Amino acid sequence: MNQSIKDFITLDKCKTILEKLVKINSTHPKGNEMDMVRAILTIFEKYNIEYKVFDHSENRGSLVITIPGTSSKESIAFLGHIDTVPVEDYDEWKYPPFDAVVDGEYMYGRGSADMKGGVTSMIITALYLLEKKITPSKDIHFCFTADEELNGIGALAIKDSGILDGTKEIFIAEPSDEKLGLAEKGALWIEVVVDGLSAHGSRPDLGVNSIEYLIEYINQFRTAIDCESTNPLLGKTTFSVNEFNGGVKTNVIPTQSKASIDIRTIPIHSHEDIINKGKEIADKLMKDKNSLSIRLNVENNRPAVETDREHEFIKKLKGLCEKLSYEASYKGLHFYTDASQIIPDLKVPFVILGPGDDAMAHQRNERIELSSVARIAEIYTNYVLEN
Ligand SMILES: [Zn+2]
């Protein structure tokens, strides 16, 4: 055990940094992540750091801080998003969501768990290396990304810049309850728009009922998808119709109807296959019926991703956690992270390992245990020094 790391990572340090970040409102849809970028840079003010700011315009930005290693051929990257979901029920919160109030072991606030806590663990890791003037064996990139909660523009910009090209291992600092997250479900959101033909309610034979065709379409689509195969960490692919609109009056055959389907996939299911199946079913129904149109709009397409637990990276990390006396069991995450935006292209093993409980994400009275931030910073720092 490295005592110098333990001594460096105090709860007070975790509190001071996290407080600074939670007090900045970086909620969607505006994000204003450039305020976060500026705040993070002030934390590093006294060091001569290597960094790059990505300007996404309209006060939106991402940041990469690099601690150069003895070799720059390879690198380890840490990713944390600096945006949060909005606060819709401000008055219902126990403490104001941007006050960063500490009560007992916890700090409360929007983004405390998802995921300014993880961002704090990353910052402390970087500070340790700088303060102790340590040159790691590889470059270490600390990536602070904008817009994870919506389109992932920050992660995409960083990936496209080539900074991560030599990266061999990626840590996603999302709240994982301090477990090793090896897999996350994919998300495929499809809007289905059905156009039929209006007619008087007494003469359905003269119209094409868009609602009835939409129901028929959804039933066929659902049957065509494998919702039975099981992934040990993620369970099954799910298919859920979460919006359904159509019709004007009881006595009018409806012309247009729409539904939104949220499909959450496990890694064996290709989104391209699912979309193609959806299109085939639409084509077949349209072929059999004049004046019927069925269109699919893909509104979100993030594949499921997974790292093999036998991968050397995971084995090393698990060994380290055990050495530090942390349990570190494996886990699958049901929500998507920045991993889905970068892993399919980079093809690098990743782990989702961060402080805080993922059940706290997007919740009222979101909170995080400060000692969890410290434990994760300890794991990150030890890992960087040993690899
Ligand atoms: Zn998150």
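Derivation of every value follows stated rules applied to the coordinates shown; laboratory data play no part. Predicted model only: the values in this text are computed from it and were never measured. So basically every Cβ, Gly included, is an ideal-geometry build from the backbone, and we count neighbours across all protein chains shown.
Translational diffusion coefficient of the stretch 1-128 at 20 °C, 1.002 mPa s, Stokes-Einstein with Kirkwood Rh over Cα pairs, in µm²/s as a whole number.
So the translational diffusion coefficient is about 135 µm²/s.
Rounded to a whole number of µm²/s, how large is the Stokes-Einstein D of the stretch 282-387 at 37 °C and 0.692 mPa s, given Rh as the Kirkwood radius over C-alpha pairs?
188 µm²/s
For the stretch 244-286, report the % of Cα-Cα distances exceeding 16 Å.
For the stretch 244-286, the share of Cα pairs beyond 16 Å comes to 58 percent.
To test your reading of the geometry: what angle, between 0 and 90 degrees and rounded to tens, separates the Cα axis of helix 370-386 from the longest principal axis of the chain?
Rounded to the nearest ten degrees, it is 70.
Run through all the Cα pairs of the chain and give the fraction in each 10 Å bin from 0, expressed as whole percent.
Bins of 10 Å from zero give 5, 22, 28, 21, 12, 7, 3, 1, 0 percent of pairs.
If you line up the long axis of helix 11-22 against the longest principal axis of the chain, both from Cα atoms, how many degrees apart are they, to the nearest 10?
So the inclination is approximately 40 degrees.
Treating each Cα of the stretch 172-211 as an identical point scatterer and ignoring solvent, apply the Debye formula and state log10 I(q)/I(0) at q = 0.15, 0.30 Å⁻¹.
Here log10 of I(q) over I(0) equals -0.57, -1.02.
Say a paramagnetic label sat at a point 7 Å from the Cα of Val85, along Cα to Cβ; which residues of the stretch 365-387 have their backbone N under 20 Å from it?
365-369
Output the 0 to 90 degree angle, nearest 10, between the alpha-carbon long axis of helix 33-43 and the longest principal axis computed from the alpha carbons of the chain.
Roughly 10 degrees, rounded to the nearest 10.
Which value in deg cm²/dmol, rounded to the nearest 500, describes the helix-derived mean residue ellipticity at 222 nm for the chain, given -39,500 (n - 2.57) per DSSP H run of n ≥ 4 and division by the residue count?
-10000 deg cm²/dmol
Rounded to the nearest 20 debye, what is the charge dipole size of the stretch 186-302 about its Cα centre when +1 sits on each Lys and Arg Cβ and -1 on each Asp and Glu Cβ?
Dipole size: approximately 140 debye.
Using only the Cα atoms of the stretch 186-302, what do you get for the radius of gyration and for Dmax, in Å?
Computed over the Cα atoms of the stretch 186-302, radius of gyration and Dmax are 15.6, 52 Å.
Going by how many other beta carbons lie within 10 Å of each one, how would you line up Tyr51, Tyr326, fewest first?
Going from sparsest to densest Cβ surroundings: Tyr51, Tyr326.
Tabulate in residue order the Karplus-calculated ³J(HN,Hα) for the stretch 131-136, using 6.51 cos²θ - 1.76 cosθ + 1.60 with θ = phi - 60°, rounded to whole Hz; enter x for Gly and Pro.
Once rounded to whole Hz, the list reads 4, 8, 6, 8, 9, x.
Only bridges with both residues in the chain count here: give the DSSP antiparallel percent, nearest 5.
Bridges in the chain that DSSP calls antiparallel: roughly 70 percent.
Mind checking the dipole of the chain: about its Cα centre, +1 per Lys or Arg Cβ, -1 per Asp or Glu Cβ, Debye to the nearest 20?
340 debye
Hey, fewest Cβ within 10 Å first, where do Asp177, Asp308, Asp114, Asp147 land in order?
Asp308, Asp177, Asp147, Asp114
Describe numerically, in nm with one decimal, the distance between label points set 7 Å from Cα along Cα→Cβ at Lys6 and at Glu310.
It is 3.6 nm.
Got a sec? How would His334, His81 order by Cβ neighbour count within 10 Å, fewest to most?
Fewest-to-most ranking of His334, His81: His334, His81.
Just need the relative contact order of the chain here, percent rounded to a whole number, with Cα pairs under 8 Å and 6+ apart.
The value is 25 percent.
If the stretch 31-104 were replaced by its equivalent ellipsoid, with semi-axes equal to the square roots of 5 times the Cα gyration tensor eigenvalues, what would those be, largest first, whole Å?
Taking √(5λ) for each Cα gyration eigenvalue gives 31, 16, 12 Å.
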